[in-house]
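Report on the structure given below.
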Amino acid sequence: MISISSSHKKTGLCVKGEGMLLVCDIEEWLDLPWFAEPKSVYVELAEGVTEVEKGLFALIPNIGEIETSKSVKDLGLDEQTVKHLRENDVLFRGEFDSIAEKAAKEHRLAFVHSNIELARAGDYSSREGVDIVTLKFDYDSKPVLQLSNFCQGSSAGSSGGGDEYKFLQKDFYRTMSQKDIAEMCYKRLQHGVMHNSALHRFLEKAKKKKGWFF
């Protein structure tokens, strides 16, 4: 069963569940003000979603970004949909060798690697709260390590909570090891970063592909 909610990442939709995303699943969402505004919207296909009904993305007038999980195998990109995505200059986001990267290459559209949560440590209810580090990517911009802390009664900018950003060079994958990246993080996150398999795969493939966006 498919469920749709507002994305917490960007203006747009997050699609969760198992199986195919159908046109009838999104029809009621298309009445939202988002889809009548000049600003582009984002669609995330979370883990479990396997395919998209043919022509669905052509129904979203201001679609600007599509992010896929590893489970997605078919985006339903017929000729009309591809034309619409090109007119909107849509950005695909996903892991290396994902359907997102393949679609972007095939249809000459932009691609950027998905963000990677590298580690988390702590307990939200404790005094120190939870620390999370995420490696974040934006098209043709410097990657950044976002170090976030969450604890009860705290908010960004207050004692015990908030975010810290550490920018990396665009070609950091050429010169930095997993250990180098871990050492840029809070001490209690370093073990998790050192043993993060997704980061290991990213570094290996980024070297072979000579980048993480195109």
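Results, tabulated for the structure shown:
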quantity	calculated
Complete set of residues in the stretch 43-65 that are more than 14 Å from residue 16 (Cα to Cα) and touching a Lys or Arg at 6+ places or on another chain (Cβ under 9 Å)	58, 62, 64, 65
Meets criteria (of a type in the set (D, E, K, R) and surrounded by fewer than 13 Cβ atoms within 10 Å (Cβ to Cβ)) for residue 127	yes
Set 135, 85: member being surrounded by 19 or more Cβ atoms within 10 Å (Cβ to Cβ) and assigned by TED's automatic domain parsing to the domain that holds residue 75	85
Residues of the stretch 135-178 satisfying the condition of being at pLDDT 95 or above and over 21 Å from the mean Cα position of the chain (by Cα)	174, 175, 176, 177
Search result, residues across the stretch 77-125 that are in contact with an Asp or Glu (Cβ under 6 Å, 6 or more places away or on another chain) and of a type outside the set (Gly, Ala, Ser)	91, 93, 111
Count of the stretch 179-214 residues which are under 20 Å from the mean Cα position of the chain (by Cα), part of a loop (DSSP other than H, G, I, E, B) and hydrophobic (A, V, I, L, M, F, W, C)	2
Residue within the stretch 18-37 that is at positive phi and either at pLDDT 95 or above or acidic (Asp, Glu) (or both) present	yes
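The values are calculated or read from the model by the stated rules, or taken from the named source; none is laboratory data. A quick note: this is a predicted structure, and the numbers were derived from the prediction, not measured. FYI the Cβ positions are ideal-geometry reconstructions off the backbone, even for glycines, and counts take in every protein chain you see.
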